[in-house]
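Here the structure is laid out as structure tokens; the discussion comes afterwards.
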Amino acid sequence: MTANNRPLRTWLSWLFLVVIFTTACVFLSKWQFDRQAEVVQTNSRIAASYDAEPIALEEILRVDQAWSSTLEFRPVLVSGQYMPELSYLVRNRPFNAYPGFLQLVAFKTDGGSTIWVERGWLPTGSKSDSPDDIPLVDNNHRQLTLRLRPAEPTLDRTAPAGQLSSIDLKSASLLLSDMNVYTQSYGRLVTEYPELPTGQKLAKPELSEGNHLSYAMQWILFGLMAIGAVFWTISQERRRKQGLPPRKLKILNRDKDAEVEDKILE
């Protein structure tokens, strides 16, 4: 390899690395743009479902029907009776930075199916393993408005009797004598008539778009900076070979005396 070819091969190697890095930046920025679009679409779907008019549960979801994300937070109407003997506390549910539980109670509908109802948040009491006050339910006939939520996966954790480590509806439904139970979804209580004492009702979810857009712009900037750094270095190398002093980056609000000194030196 001749001396003249060494610099060329070096620059070609650097250019190759820059092309790879810039290509990676392009794909990463596209990935962030795609995630941004997904978040916007999800937020729009949730907002539309949350504000929709309530409809009878059986009209949009059957017991044997698979869960669909389009149903999330969809308000539904059910009538029937609570099953007080089938009540659980769901552990590890912080709310406004305070530890607590969710109350989960089975509800037998007039149509013969059973849906689990989340009746609000309860703060941890004087004993860390349970609330001090747990609202009681009875088996009187009631009309409920619920918001549909998906069941949660099983966690590899143990829980005391009468408690669940997650809203795992299949595990919660093991004591039910019939199989006509919704295990893919439960209902978050909105209203009930006649009313009963409940826990703290959870607020509407915050529909934030996150930082995906800013991350996408950052990846684009990184790619442009890499390209600019290579061409800047090539320019500096040419000036060096021509016997010229290296070009300095102009910094905003630089001291005037330093600028004058640089011009004299050049």
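Taking the Cα-to-Cβ direction at A97 and at L12 and moving 7 Å from each Cα, how far apart do the two end points lie in nm?
Going by the 7 Å Cα→Cβ label model, 6.1 nm.
Identify the chymotrypsin sites (Phe, Trp or Tyr not before Pro) of the stretch 32-104 meeting these criteria: DSSP loop state and at most 15 other C-beta atoms within 10 Å of the C-beta.
Numbers: sites: F33, Y50, W67, F73, Y82, Y88, F95, F101; in loops: W67, F73.
Answer by residue number: there is no such site.
Mind giving me the nanometre distance, one decimal, between the label points for T233 and K204, set 7 Å out from Cα along Cα→Cβ?
Each label point lies 7 Å from its Cα, and together they span 5.3 nm.
Please list, in order along the stretch 217-233, the HN-Hα scalar couplings obtained from phi with the Karplus expression 6.51 cos²θ - 1.76 cosθ + 1.60 (θ = phi - 60°), rounded to whole Hz, x for Gly and Pro.
So the Karplus estimates, Gly and Pro as x, are 5, 5, 5, 4, 5, 4, x, 5, 5, 5, 5, x, 5, 5, 5, 5, 5 Hz.
Can you list which of the GluC sites (Glu not before Pro) found in the stretch 133-213 are DSSP loop residues with at most 14 other C-beta atoms within 10 Å?
Within the stretch 133-213, the qualifying GluC sites (Glu not before Pro) (loop, at most 14 other Cβ atoms within 10 Å) are E195, E206, E209.
Are there trypsin sites (Lys or Arg not before Pro) in the stretch 30-63 that DSSP marks as loop and that have at most 13 other Cβ atoms within 10 Å, and which are they?
Values: sites: K30, R35, R45, R62; in loops: R62.
Qualifying residues, ordered by number: R62.
Taking H as built 1.01 Å from N, whose amide H comes closer than 5 Å to the amide H of N92, not counting residues under 5 places away?
G100
Give the Rg (one decimal place) followed by the Dmax (whole number) of the stretch 74-193, computed from C-alpha coordinates and expressed in Å.
13.8, 41
Any chance you could run the full-extension gain for M225 through N139? It's 0.36 nm times the residue separation minus the Cα-Cα distance, nm to one decimal. Please list the in-between numbers first.
Values: separation 86, 0.36 × 86 = 30.96 nm, distance 6.79 nm.
Length gained, M225 through N139: 24.2 nm.
Of all beta bridges DSSP finds with both residues in the stretch 105-226, what is the antiparallel percent, to the nearest 5?
80
Starting from the 7 Å offset along Cα-to-Cβ, what nm value, one decimal, do you get for the label separation of R157 and E53?
Going from the R157 label point to the E53 one covers 4.2 nm.
Rounded to whole Hz and in sequence order, give me ³J(HN,Hα) for the stretch 129-142 from the Karplus expression 6.51 cos²θ - 1.76 cosθ + 1.60, θ = phi - 60°, writing x for Gly and Pro.
9, 6, x, 6, 10, 10, x, 8, 10, 10, 9, 6, 6, 9
Return the Cα extents of the stretch 15-97 along principal axes one, two and three, sorted largest first, each rounded to a whole Å.
72, 32, 28
Set the Förster radius R0 to 25 Å, insert the Cβ-Cβ distance between S69 and V190 as r into 1/(1 + (r/R0)^6), and round the FRET efficiency to 0.05.
0.80
Readers should treat all values here as calculations from the given coordinates under stated rules, not as data from a laboratory. Quantities reported herein were computed from a predicted structural model and do not represent experimental measurements. With ideal geometry, Cβ positions are generated from the backbone for all residues, glycine too; neighbour counts draw on all protein chains shown.
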